[in-house]
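Structure first, then comments.
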Amino acid sequence: MPLLKPDGFVADDWILVGMDDPLPARGDVAVPWGRIARDWETLVKHDGRLGVVFPNSEKIAALGLYLPRLALIVLNFPIFNDGRSFSIARQLRLAGYAGEIRATGHLIPDLLQFMLQVGFDAFDVSERFSLDLWLKSMKRMSLTYQHGLEDRNPTFGAAAVWKARQQPSTISQDQKDAG
Amino acid sequence: MYRYDEFDHRFVTDRVNQFRDQAQRRLAGQLTEDEFRPLRLMNGLYLQLHAYMLRIAIPYGTLNSRQMNRLADIAEKWDRGYGHLTTRQNIQFNWIKLEDTADILGSLAEVEMHAIQTSGNCVRNVTTDHWAGAAADELADPRPVAELLRQWSSLHPEFSYLPRKFKIAVTGAPNDRAAVKVHDIGLRMHLNDKNERCWEVIAGGGQGRTPIVGITVRDFLPEAELLAYLEAIMRVYNLYGRRDNKFKARIKILVHELGAEEFKRQVEAEYAKKGYTEVEVDQRELQRITSYFAPPKFANLSKWSPEFEQARLNDPGFARWVKVNVAPHRVQGYSIVNISLKPEGGIPGDITAEQMRVVAELALRFSFDELRVSHHQNLVLPHVERSSLYEIWKVLKSHGLATANLGFLGDIIACPGLDYCALATARSIPIAQGISRRFADIDKQEEIGPLKINISGCINACGHHHVGHIGILGLDKRGEEFYQITLGGSSSESASIGQIIGPGFAAEQVPEAIEKIINRYLELRHDRDETFLAAYRRLGAQPFKEALYASA
Amino acid sequence: MSEVEKGQILTANRLSDGDVVFLTSSGEWSLSVDDAVLASEPTAAKALEVRGKEAEAANVVTGAYLFDAERRDGRVRAVHIRERIRTLGPSVRLDLGKQADGSGGAFPAVHE
């Protein structure tokens, strides 16, 4: 599946392996959550960056000791409207995590902006939807009411309403109309 | 009331375009129904028994004449000339086509309305006291906070795919007309000992299959912390609320399964993490919003209006309507007018396009262009000079809107039920009509006194029967419609869930059963001042069970 | 003495406008339940379900399901009140729905 990032489609540097697959000799590798604890001693010696496929039923506190060493966290959407991963991504960013947070699973373009806002920055997208639609969906809504969320990508394109309102030039006459 | 600035306008316009695109993709088969369903629900579009139904948001129940007129236009152009007001202050149209919906949303956007998040597993319409800004007992108008919450919760990226729907209610008065104790989150305004506004946060209340009164998680939360604290609650719910069983997915189940103490502990632990200062309530923004809710320019009126007093003396029908439907206002010389949408034998909460226009005109002329939708499927003109009441009453009367039954037995609350709703197990409207006709005598209703009858057509309880003084729940017994009666519910600040009184009744037996209950109450009450609810709480269920079930 | 056929009918909502429709023997969807094909045994009913799924996949209808019904003298009556209301319209607004535009189901006074 193509890997989508805010700037567009990119090649995927990462290799995802299963619980018992041999690790590649070198390169970036992501393992299932269960393997992190089990094989940590081996993993930290790996020549390449480390990532984890983290289940949406786990608490991120469990990642605690491993987090600084993880350059990628993959969060799965078993079904697109299971919204737990939105909170997991948000918590990771609030905790200061600066690595890549990738969404995988049943993704539809209509969720893209929400994902970008809470801190996802990579998406395993289905070719069921046109690549053009995926790109357009990143900018569908030009505004967002919430602030305090990640909107660090210029292509996200949604200004925070509350911030925009505070710009003196944008205070409009309508506001004088008290109810 | 709140008016959109350029950003709010752009937001709803973007949203309309987004939905138009989604609907087109659905019709072209580029989205499956399973994928499209949550998207259309988050724009208020349901698939019901006969057609699509569109639920339009009326934020905290407030609208103006222009908006009401537009709803009338929509009823005529795209529906069958009427709408239905709901128990959460919204309006529903029952005969909508998917292919028209984007155009309807576009028409709504022109008048600063939308159908955003009136359904779906997200935060729904934030509801409040329908007498906000007018009631004599209010600490302060809760609607600025309701508007703040509306914006904060609109297309919230983290909380749009919750385990289940999420309903928030806000009140600014000690007499709670917003039922905050039976909401997922209820907010009650208080003044702390420094006279600063703060909020009691109640969580985990709800009705439906497992009705329960919410728990207080914070007694005096400073206003500046509202959004951050709510996010902590919602994050705990989003992560740990059940997703395995649709009927156990509300936050009330989580609160119940964890227990109040553990739930509070988890919320506080989440809240204690850093990052919440980013979500602090921006005081400038709250002030900006509050300025829209500045009181209207009330005139300096005397307590005494000769026209009003004269009319009251001369016209007993008017006098009665004033006594029952007109409530005291906090400003001298003004009144709160309650418009009953419960005519004798009528469909509770239904309003025709013509009636919408009549009410809009009255609001424009007599109520500073403001209307409210109550939780009881009625309408309110919040700020009316007493000297105008007679003229208003005459207009209402000529359009079937002057039934003097507010808060009485005839003011029945009923969901659409099996006549419209794909989820229903039984019809509710004919039950309401049957009771309404049996007790048509308005003198009798007045003698009985305050009495709330709530009827739900299924256990989802959209008629809020659990908090009816008399609740009626429609069920299916071997293919026949069958009705269970509960007694003693209340949605007020002393909230209680009604108790099932005994075996249920067939449809045609329900009015008689109600009559037996009423007669028992009239026999046993101390005096006219002891309301049905008070008498029930004093006497318990036994005398009423005997009245219903003891063999003759 | 007229014969009563008993069986199941497949209903759905038309995707574009939400109108309630019923599957006919020719595989078309009719607004009127009297036109519907009645599957009198389980294999026939399953075949209707398959056709329903195909129509859903083709984005013609949504929410297809079977319900029990009887046909007498060419008129169809749903067994359960829910579907009777579905074939007629709201019992409290006889001026609305199929009962008003002539495409309603059979048996006056079904709204008991």
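Kindly provide the set of residues from the range B:522-549 that are more than 17 Å from residue B:444 (Cβ to Cβ), part of a helix (DSSP H, G or I) and of a type in the set (Asp, Glu), ordered by number.
The answer is B:546, and nothing else.
Go through the range B:159-178 and count every residue that is crowded, with 24+ Cβ neighbours inside 10 Å and within 10 Å of another protein chain (Cβ to nearest Cβ).
Within the range B:159-178, residues that are crowded, with 24+ Cβ neighbours inside 10 Å and within 10 Å of another protein chain (Cβ to nearest Cβ) number 4.
Report, by residue number, each residue of the range B:19-35 that is more than 9 Å from chain C (Cβ to nearest Cβ) and in a helix (DSSP H, G or I).
Result: B:19, B:20, B:21, B:22, B:23, B:24, B:25, B:34, B:35.
One residue is enough: does the range A:93-108 have a residue meeting the conditions at the interface with another protein chain (Cβ under 9 Å from one of its Cβ atoms) and within 12 Å of the chain's Cα centre (by Cα)?
yes
What number of residues within the range B:386-436 are touching a helix residue (DSSP H, G or I) at 6+ places or on another chain (Cβ under 6 Å), part of a loop (DSSP other than H, G, I, E, B), of a type outside the set (A, V, I, L, M) and at the interface with chain C (Cβ under 10 Å from one of its Cβ atoms)?
The total comes to 2.
Out of all the residues in the range B:233-265, which are surrounded by fewer than 19 Cβ atoms within 10 Å (Cβ to Cβ), without any contact (Cβ under 8 Å) to a residue 40 or more places away in the chain and within 12 Å of chain A (Cβ to nearest Cβ)?
B:244 - this is the single residue of the range B:233-265 that is surrounded by fewer than 19 Cβ atoms within 10 Å (Cβ to Cβ), without any contact (Cβ under 8 Å) to a residue 40 or more places away in the chain and within 12 Å of chain A (Cβ to nearest Cβ).
At least 2 residues that are within 14 Å of chain A (Cβ to nearest Cβ) and within 27 Å of residue B:3 (Cα to Cα) in each: list the strands (runs of 3 or more DSSP E) lying fully within the range B:271-376 that qualify.
Hits in the range B:271-376: B:371-373.
Would you confirm whether or not the range B:79-97 contains a residue that is part of a helix (DSSP H, G or I) and either crowded, with 19+ Cβ neighbours inside 10 Å or touching a residue at least 24 places away in the same chain (Cβ under 8 Å) (or both)?
No: zero hits.
From B:502, B:489, grab the single residue that is in contact with a helix residue (DSSP H, G or I) (Cβ under 9 Å, 6 or more places away or on another chain) and within 16 Å of residue B:412 (Cα to Cα).
Result: B:489 is the single residue among B:502, B:489 that is in contact with a helix residue (DSSP H, G or I) (Cβ under 9 Å, 6 or more places away or on another chain) and within 16 Å of residue B:412 (Cα to Cα).
Under 8 Å by Cβ, and 6 or more places apart or on different chains, what pairs join a residue from the range B:476-499 that is within 12 Å of another protein chain (Cβ to nearest Cβ) with one that is assigned to a strand (DSSP E or B) and among the polar types (S, T, N, Q)?
Listed by first residue and then by second, the contacts come to nothing, as the list is empty.
Among the residues of the range B:214-225, count how many are modelled with pLDDT under 95 and crowded, with 20+ Cβ neighbours inside 10 Å.
Residues flagged as modelled with pLDDT under 95 and crowded, with 20+ Cβ neighbours inside 10 Å within the range B:214-225 amount to 1.
Cβ-Cβ below 8 Å, separation at least six or inter-chain, first residue in the range B:60-73 and of a type in the set (D, E, K, R), second in a helix (DSSP H, G or I): which pairs?
Listed pairs, sorted by first residue: B:66/B:360; B:70/B:107; B:70/B:108; B:70/B:110; B:73/B:107; B:73/B:353.
Name the residue, out of C:31, C:10, that is surrounded by fewer than 22 Cβ atoms within 10 Å (Cβ to Cβ), under 15 Å from the mean Cα position of the chain (by Cα) and more than 9 Å from every other protein chain (Cβ to nearest Cβ).
None of the others qualify; the one that does is C:31.
Output the qualifying pairs, or none if there are none: Cβ atoms under 7 angstrom, residues six or more apart or on different chains, first residue in the range C:21-42 and on the phi > 0 side of the Ramachandran plot, second residue part of a helix (DSSP H, G or I).
Matching pairs, first to second residue: C:27/C:51.
Which of (1) in contact with a Leu (Cβ under 9 Å, 6 or more places away or on another chain); (2) touching a residue at least 40 places away in the same chain (Cβ under 8 Å); (3) over 18 Å from residue A:119 (Cβ atoms); (4) of a type outside the set (Gly, Ala, Ser) is the odd one out, the single condition residue A:6 does not satisfy?
That leaves (3) as the condition not met.
Only residues that are among the polar types (S, T, N, Q) and crowded, with 24+ Cβ neighbours inside 10 Å: list them for the range A:99-118, please.
If the condition is that a residue be among the polar types (S, T, N, Q) and crowded, with 24+ Cβ neighbours inside 10 Å, then A:117 is the only one that fits.
What number of residues within the range A:77-91 are crowded, with 21+ Cβ neighbours inside 10 Å, closer than 14 Å to residue A:54 by Cα and over 10 Å from the mean Cα position of the chain (by Cα)?
Number of matching residues: 4.
Got a number for residues in the range B:55-78 being over 24 Å from residue C:18 (Cα atoms), surrounded by 22 or more Cβ atoms within 10 Å (Cβ to Cβ) and among the small types (Gly, Ala, Ser)?
Total satisfying the criteria: 1.
Would you tally the residues in the range B:324-350 being among the β-branched types (Val, Ile, Thr) and either under 26 Å from residue B:300 (Cβ atoms) or in contact with a Gly (Cβ under 6 Å, 6 or more places away or on another chain) (or both)?
Looking only at that region, the number is 4.
This table checks each residue for (1) of a type in the set (Ser, Thr, Tyr); (2) buried (at least 22 other Cβ atoms within 10 Å of the Cβ); (3) in a strand (DSSP E or B).
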residue: B:459; (1), (2), (3): no, no, no
residue: B:462; (1), (2), (3): no, yes, no
residue: B:472; (1), (2), (3): no, yes, yes
residue: B:484; (1), (2), (3): no, no, yes
residue: B:494; (1), (2), (3): yes, no, no
residue: B:503; (1), (2), (3): no, no, no
residue: B:516; (1), (2), (3): no, no, no
residue: B:520; (1), (2), (3): no, no, no
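What number of residues within the range C:37-68 satisfy the criterion of being within 24 Å of residue B:99 (Cα to Cα), of a type in the set (A, V, I, L, M) and either more than 12 Å from chain B (Cβ to nearest Cβ) or assigned to a helix (DSSP H, G or I) (or both)?
The qualifying residues number 2.
Looking at the range B:437-475, which of its residues are within 12 Å of chain C (Cβ to nearest Cβ) and farther than 16 Å from residue B:505 by Cβ?
B:458 - this is the single residue of the range B:437-475 that is within 12 Å of chain C (Cβ to nearest Cβ) and farther than 16 Å from residue B:505 by Cβ.
The values are calculated or read from the model by the stated rules, or taken from the named source; none is laboratory data. Since this is a predicted model, take the numbers as computed values, not measurements. As a convention, Cβ positions derive from the backbone with ideal geometry for all residues, glycine included, and neighbour counts pool all protein chains shown.
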